[in-house]
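Colleague: My structure is below; once you've seen it, I'll send some questions.
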Amino acid sequence: MPNIKRIDHKQHFLALDLLRGMAAICVMLFHAFLTTAPGALAHAYLAVDFFFMLSGFVVSYAYEERLISNKISLYEYILRRVIRLYPMLTVGVLISSAFMVLVQHNLIHCLMEIVPGILDLPVLFRREGSITPLDPSAWSIFFEMFVSVLFGVFVSKLRDAVLWLSVGLAGTAFICVSVATGHQNLGAFTFKFWGGFPRVIFTFGMGVGLQRLNLNRRLSLPAWAVWPLGAVLVATFIPGASFRVPLAYDLFNIIFAYPIIIMLASVCIRPTGRSFIQIMKLSGDLSYPVYIIHYSIFLWLSFAAVWPIFSRRSFGIAECAISMLAAWLLLRLYDEPCRSWLERVVIPKVMSIGGDAQKSQESAIA
């Protein structure tokens, strides 16, 4: 049986946790008030670029050194990424599937989409619409898994010069496709699917590059600095309520504003107040569950939208509150226990099978 080494606990960037949670809530609010207040947080789709960049930073920090030194194998790394993302994604897909079958009575479409949905594979046979129709938020998880695997495969070859050259080329392609299509929100829909690849390679790669700067070893900011950084982040999602914002605005935020926010947040010192720490950690813990299941929860709550006790905006607030509660319950009662069991039981078994197969192959060659 191969030696499954325990992942050592490294520095935890609580400030980045807080920002990730704030961005996820902004996405949820954007979807909740899409019809009642379409101008509010009109650029919340930029949160996905922030998530990609943040993932590049955190994944590189957690795994790059271990992958290069073979302290963790490529297969174990990919398995850990799957375990991190797929349990909650599966719940979101199943909730939406139940709605499609029980309410919309659309069994055929559900059967066509549920397997790609659970596997998070893009559904491209439609001429338009989301590439992950059962959970439209899950499109970004497909691209995140793609770039995570790409990182794991090529990390040992990604010297700084190669990394920044790759980021530059991907960024150039991303800008060109954005200008050609008139929008940078690439990858989410079938007709802009292929544009998602340069988008995620650029933003994730930028995060990897920022992590390699190791600014947290040379600089520090007080813990409270994360709050103005969070305010700036949320402010980037707001414009568009009463005027058309040019594409250059989105590209400026992605290329300049978000890297600066992440760099500064990464050097914020750990707060001393216990309540402050708990808020930041809870924000990070809830960010992914809120992001990935809120659409599915909204589907079921749509029944109550016609109740006279709700105004359209108060209903949106209720949707968000219920989604937050559902996310917290699923996190504590399902996601965390499930991931813990998978890491404790499944990873050693899978790696054991892989190790036995490798030994058999080596024996056959000998």
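Colleague: Give the number of residues within the stretch 77-113 that are at pLDDT 95 or above and either in contact with a strand residue (DSSP E or B) (Cβ under 8 Å, 6 or more places away or on another chain) or farther than 21 Å from SER323 by Cα (or both).
Modeller: 7
Colleague: Cβ-Cβ below 6 Å, separation at least six or inter-chain, first residue in the stretch 1-23 and farther than 25 Å from PHE50 by Cβ and in a loop (DSSP other than H, G, I, E, B), second of a type in the set (Ser, Thr, Tyr) and at pLDDT below 95: which pairs?
Modeller: Going by the 6 Å Cβ cut-off, the qualifying pairs are MET1/SER352.
Colleague: While we're here: Quick check: anything in the stretch 150-159 touching an Asp or Glu at 6+ places or on another chain (Cβ under 7 Å) and either farther than 26 Å from ARG81 by Cα or aliphatic (A, V, I, L, M) (or both)?
Modeller: Looking for residues that are touching an Asp or Glu at 6+ places or on another chain (Cβ under 7 Å) and either farther than 26 Å from ARG81 by Cα or aliphatic (A, V, I, L, M) (or both), one finds at least one in the stretch 150-159, hence yes.
Colleague: Select from the stretch 238-288 the residues that are farther than 21 Å from ARG217 by Cβ and not in a helix (DSSP H, G or I) and list them in ascending order.
Modeller: Listed by number, the residues that qualify are ILE238, PRO239, GLY240, ALA241, SER242, PHE243, ARG244, VAL245, PRO246, GLY273.
Colleague: Could you please let me know if ILE262 is hydrophobic (A, V, I, L, M, F, W, C) and buried (at least 21 other Cβ atoms within 10 Å of the Cβ)?
Modeller: yes
Colleague: Now for a different question. Could we say that SER130 is surrounded by 18 or more Cβ atoms within 10 Å (Cβ to Cβ), among the small types (Gly, Ala, Ser) and within 29 Å of LEU213 (Cβ to Cβ) here?
Modeller: When the stated conditions are applied, SER130 does not pass them.
Colleague: Within the stretch 135-168, how many residues are in contact (Cβ under 8 Å) with a residue 60 or more places away in the chain, buried (at least 16 other Cβ atoms within 10 Å of the Cβ) and of a type outside the set (Gly, Ala, Ser)?
Modeller: The qualifying residues number 9.
Colleague: Same structure again: List the number of the failed condition for LEU333; all other conditions in (1) farther than 30 Å from VAL103 by Cβ; (2) at pLDDT 95 or above; (3) surrounded by fewer than 11 Cβ atoms within 10 Å (Cβ to Cβ) hold.
Modeller: (1)
Colleague: Also, quick follow-up: Would you mention how many residues in the stretch 181-195 are assigned to a helix (DSSP H, G or I), in contact with a Leu (Cβ under 7 Å, 6 or more places away or on another chain) and touching a residue at least 60 places away in the same chain (Cβ under 8 Å)?
Modeller: Total satisfying the criteria: 2.
Colleague: Right, another one. I'd like the full set of residues that are under 24 Å from ILE269 (Cα atoms), in a helix (DSSP H, G or I) and among the small types (Gly, Ala, Ser), limited to the stretch 196-237.
Modeller: Matches in the stretch 196-237: GLY207, GLY209, ALA223, ALA225, GLY230, ALA231, ALA235.
Colleague: Please enumerate the residues belonging to the stretch 246-284 that are modelled with pLDDT under 95 and among the aromatic types (Phe, Trp, Tyr).
Modeller: TYR249, PHE276 - these are the residues of the stretch 246-284 that are modelled with pLDDT under 95 and among the aromatic types (Phe, Trp, Tyr).
Colleague: What number goes with the only condition from (1) at pLDDT 95 or above; (2) in contact with a Leu (Cβ under 9 Å, 6 or more places away or on another chain) that SER156 does not pass?
Modeller: Unmet for SER156, out of (1) at pLDDT 95 or above; (2) in contact with a Leu (Cβ under 9 Å, 6 or more places away or on another chain): (1).
Colleague: When the stretch 314-330 is examined, which residues are found to be touching a residue at least 24 places away in the same chain (Cβ under 8 Å), surrounded by fewer than 17 Cβ atoms within 10 Å (Cβ to Cβ) and closer than 15 Å to SER283 by Cα?
Modeller: TRP328
Colleague: Determine, yes or no, whether SER287 is under 30 Å from ASP335 (Cβ atoms) and either among the hydroxyl-bearing types (Ser, Thr, Tyr) or touching a Ser or Thr at 6+ places or on another chain (Cβ under 7 Å) (or both).
Modeller: Judged against the criteria, SER287 is a match.
The values are calculated or read from the model by the stated rules, or taken from the named source; none is laboratory data. Since we're looking at a predicted model, the values are computed, not measured. Note that we place each Cβ from the backbone using ideal geometry, even for glycine, and neighbour counts take in every protein chain shown.
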